[in-house]
Amino acid sequence: MKHTYIPIVLLSCVSLSHAEVVTFNPNFDLSSDTNTSGTTAYNPNGTSLDSGIVDDGSSSVDAVTYSFSDATTGINFSYVVTYTATDGFLNPEPNSGGFGVGYVPAGEDASETGWLDTQKFDADQFEGLTLAISNLNVDFTNYISGSIAGVTDPTLNAATVGFSTLTLSSVAANDTQLTITDGTNTYFGQPTTTGGYSFSDLGLSVTASSFTINVGDVVSETVTAGTDDRVRLHSLTHNIALDVVQIPEPSCFALFGGLGVLLVGLTKRRR
């Protein structure tokens, strides 16, 4: 009969370890070169935050740390986004509402208009951007008890980071081909309008921590005069998913300890 009590003890402890996935989707204005995100509280329904990308006419790589405080749960979190330009320098342009890559041999500088484009005179030049999220840090110090259903004392079980929506502010619709890859999946196609493009709709993962976007087909396309591929990136929504679990109560550990004693006792009795 004693054996019948063991599953009941296990179920009691499992019920104390409630888990919930909480998703945050910060939206960033890629054209902004003024970083205020470190002091801007995260608001799930807010406007685009400044991305703070370097705009000096020469830098091809910039790593920016973003920090958030969620007023609903009290969860604080931060992470780093690394922006890397291919065939040029990072070129956010607030005046044109666009983000792209500048190309020095074409006479472009930091005051250019934020295009991600090919060069009509250079068939080997395909501008591109790689964005990668890393160093996610989650702090539950100011967690509001019960703000996540069933969780009063949280800890992080797992987390995923990725990207969910890319918005274009300008596009040369008749010519432009885009190649976007998340390292596993690749989208190749022609954007027909400005606005938001969902990564999932493009067949890309929303949990991949990096992606690369190029104008043109870098494998087979030849750039000729009058067919300059070009877009301006406007904003990007990140996808941060936290698997939050309830820390088991001390009584649960006591029950597990009692279970161990019971099992040892049963084993000795059988012998």
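Tabulated values for the structure
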{"item": "Contour minus Cα-Cα distance for THR194 and SER111 (0.36 nm per residue)", "result": "27.6 nm"}
{"item": "Simple spin-label estimate for THR72 and ALA149 in nanometres, 7 Å along Cα-Cβ", "result": "1.3"}
{"item": "Mean Cβ count within 10 Å, highest first, over the residues of peptides 184-197, 105-118", "result": "105-118, 184-197"}
{"item": "Those residues of the range 160-189 whose amide nitrogen sits under 11 Å from the label point placed on THR130, 7 Å along Cα→Cβ", "result": "183"}
{"item": "Length added when fully stretched, ASP139-THR184, from 0.36 nm per residue minus Cα-Cα", "result": "13.1 nm"}
{"item": "Approximate spin-label separation THR47-THR207, in nm, with each point projected 7 Å along Cα-to-Cβ", "result": "3.5"}
{"item": "Label-to-label distance, nm, for residues given as VAL80 and ASN157 (7 Å Cα→Cβ offset)", "result": "2.9"}
{"item": "Hz values of 3J(HN,Hα) by residue in the range 99-113 - Karplus curve (6.51, -1.76, 1.60), Gly and Pro given as x", "result": "9, x, 10, x, 10, 4, x, 8, x, 7, 9, 5, 8, 5, 9"}
{"item": "Amide hydrogen neighbours beyond the local backbone of SER170, cut-off 5 Å, H modeled", "result": "ARG232"}
{"item": "Extent along principal axes [Cα atoms of the range 19-247; Å; largest to smallest]", "result": "63, 33, 25"}
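None of the figures in this text is laboratory data; all of them are computed from the coordinates on show. Predicted model, so just to flag it, every value in this text is computed and none were measured. A quick note on method: Cβ atoms are made from the backbone with ideal geometry, for glycine too, and the neighbour counts reach across all protein chains shown.
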